[in-house]
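**Student:** Okay, handing you the structure first.
The values are calculated or read from the model by the stated rules, or taken from the named source; none is laboratory data. Note that the coordinates shown come from a computational prediction; the quantities given were computed from them, not determined experimentally. Positions of Cβ are backbone-derived with ideal geometry, glycine not excepted, and every protein chain shown enters the neighbour counts.
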Amino acid sequence: MFGLDPWQFWAIVAITGFAGFVKGAIGFAMPMIMMSAFSSILPAQVALACLIMPTLFTNIQQSFRFGRAEVKKSVYIYRWHIAMVLIFICVSAGFAKAIPQSWMYILLGVPIVAFAIWQLSGRPIVLDMHHRRRAEIVTGIIGGLYGGISGIWGPPLIVYLLSTGVSKAEQMRVQGIVFLLGAITLLVAHLFSGILNAQTLPLSLILCIPAFLGMQLGFALHDRMDVRQFRRWTLILLIVTGLNLVRRAFQIGF
């Protein structure tokens with residue numbers, strides 16, 4: 001079955017379904033869940049290939065859930081952040097081999113954990129809307145710089161959205177749009193790299209099915225959560241994401 005033992009196949013199906021559920025409920029962390037789990041049962045390149053199509057597909061689901069008009073509106077509103085992410089991914093990509101990834105993970109992971117814990121403590125950081133564009137540009141630059149070097153550009157966006165107090169629907173949609181851009185880049189890159197090939201692409205496409213089903217269940221939970229619950233679970237997942245970055249830093253070594 002795609003060159004896998006039956007237990008491996010059904011394990012990655014279950015993992016993908018769970019990752020889709022989390023993404024549908026909170027809006028992010030799907031690649032983190034899939035890669036962390038897949039890497040323990042699959043070769044690294046197969047694990048990476050498996051998450052590419054489900055990640056692309058679910059970000060399309062997430063972005064366009066409320067229609068194209070809302071997507072266009074969000075792209076316009078957050079155009080500065082999106083532009084900075086794309087520009088600075090290109091700028092920093094050339095330095096990927098020169099800057100130790102372990103330090104990048106630490107420098108991104110520790111502030112994210114600190115921010116989320118501070119928010120959960122009942123002393124939220126609320127951004128003055130007069131400084132919105134400046135913050136949007138700064139977080140876009142930070143996300144882009146980290147993205148080009150480490151492949152991770154989502155957390156600064158999530159911190160920005162939490163600080164501005166946007167609605168659940170808007171946060172989910174904007175996350176989906178920004179992550180979709182990355183997913184398209186990842187798809188194109190690995191079609192050329194050979195990681196997505198005649199053997200791995202069909203498996204990655206098959207995993208879109210449990211990802212879709214998981215997303216639908218996650219959407220159902222998301223719709224039942226009030227804003228306070230959504231923000232709390234977002235912060236908890238942000239802590240997990242930050243700690244995972246720190247773990248990866250020590251795994252790579254200094």
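**Student:** Could you grab me the full set of residues in region 44-64 that are in contact (Cβ under 8 Å) with a residue 12 or more places away in the chain and over 17 Å from the mean Cα position of the chain (by Cα)?
**Tutor:** Those that are in contact (Cβ under 8 Å) with a residue 12 or more places away in the chain and over 17 Å from the mean Cα position of the chain (by Cα): 45, 46.
**Student:** What pairs can you find where one residue is in region 123-143 and under 23 Å from residue 232 (Cβ atoms) and among the aromatic types (Phe, Trp, Tyr), the other is at pLDDT below 90 and not in a helix (DSSP H, G or I), and their Cβ atoms are less than 9 Å apart, with a gap of 6+ or different chains?
**Tutor:** Final answer for the pair search is none.
**Student:** For residues in region 157-191 being hydrophobic (A, V, I, L, M, F, W, C) and under 17 Å from residue 44 (Cα atoms), which is nearest to the chain's Cα centre (by Cα)?
**Tutor:** Within region 157-191, the first condition is being hydrophobic (A, V, I, L, M, F, W, C), and the residues that meet it are 157-159, 161-162, 166, 169, 172, 174, 177-181, 183-184, 186-189, 191.
Add one more test, that the residue is under 17 Å from residue 44 (Cα atoms), and what stays is 186-187, 189, 191.
On the way: 186: 12, 187: 15, 189: 17, 191: 20 Å.
Among those that are hydrophobic (A, V, I, L, M, F, W, C) and under 17 Å from residue 44 (Cα atoms), it is 186.
**Student:** Please identify the pairs in which a residue from region 157-172 that is within 14 Å of residue 111 (Cα to Cα) has its Cβ atom under 9 Å from the Cβ atom of a residue that is surrounded by 18 or more Cβ atoms within 10 Å (Cβ to Cβ) and of a type in the set (D, E, K, R), counting only partners at least 6 apart or on another chain.
**Tutor:** Close Cβ pairs satisfying both conditions: 160/136.
**Student:** Looking only at region 196-212, count how many residues are part of a loop (DSSP other than H, G, I, E, B), surrounded by fewer than 19 Cβ atoms within 10 Å (Cβ to Cβ) and either at pLDDT 95 or above or of a type in the set (A, V, I, L, M) (or both). Can you show your working first?
**Tutor:** Residues of region 196-212 that are part of a loop (DSSP other than H, G, I, E, B), as a first pass: 196-199, 207.
Still in the list and also surrounded by fewer than 19 Cβ atoms within 10 Å (Cβ to Cβ): 197-199.
Now drop any that are not either at pLDDT 95 or above or of a type in the set (A, V, I, L, M) (or both), which leaves 198.
Adding up the residues that qualify gives 1.
**Student:** Something else now. Does any residue in region 220-245 that is under 15 Å from residue 23 (Cα atoms) and surrounded by fewer than 19 Cβ atoms within 10 Å (Cβ to Cβ) come within less than 9 Å, Cβ to Cβ, of a residue that is among the aromatic types (Phe, Trp, Tyr) and modelled with pLDDT of 90 or more six or more places away or on a different chain, and which pairs are these?
**Tutor:** Filtered contacts from region 220-245: 221/21; 225/233.
**Student:** Mind counting the residues in region 74-90 that are surrounded by 14 or more Cβ atoms within 10 Å (Cβ to Cβ) and either touching a Ser or Thr at 6+ places or on another chain (Cβ under 9 Å) or not aromatic (Phe, Trp, Tyr) (or both)? Working first, answer last.
**Tutor:** The initial filter retains those residues of region 74-90 that are surrounded by 14 or more Cβ atoms within 10 Å (Cβ to Cβ), namely 74-75, 77-78, 80-89.
Applying the additional criterion that residues be either touching a Ser or Thr at 6+ places or on another chain (Cβ under 9 Å) or not aromatic (Phe, Trp, Tyr) (or both) yields 74-75, 77, 81-87, 89.
So the answer is 11.
Residues are listed down the side, and each one gets a yes or a no for (1) under 26 Å from residue 105 (Cβ atoms); (2) β-branched (Val, Ile, Thr); (3) touching a strand residue (DSSP E or B) at 6+ places or on another chain (Cβ under 6 Å):
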position: 204; (1), (2), (3): yes, no, no
position: 207; (1), (2), (3): no, no, no
position: 220; (1), (2), (3): no, no, no
position: 223; (1), (2), (3): no, no, no
position: 229; (1), (2), (3): no, no, no
position: 240; (1), (2), (3): yes, yes, no
position: 251; (1), (2), (3): yes, no, no
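**Student:** Take residue 21 and tell me if it is of a type in the set (Phe, Trp, Tyr) and at pLDDT below 95. Give the derivation first.
**Tutor:** Working: of a type in the set (Phe, Trp, Tyr): yes; at pLDDT below 95: no.
In short, no.
**Student:** Return the residue satisfying two criteria in turn: it lies in region 135-155 and is farther than 22 Å from residue 222 by Cβ, modelled with pLDDT under 90 and not aliphatic (A, V, I, L, M), and of such residues it is nearest to the chain's Cα centre (by Cα).
**Tutor:** Ranking the candidates gives 153 first.
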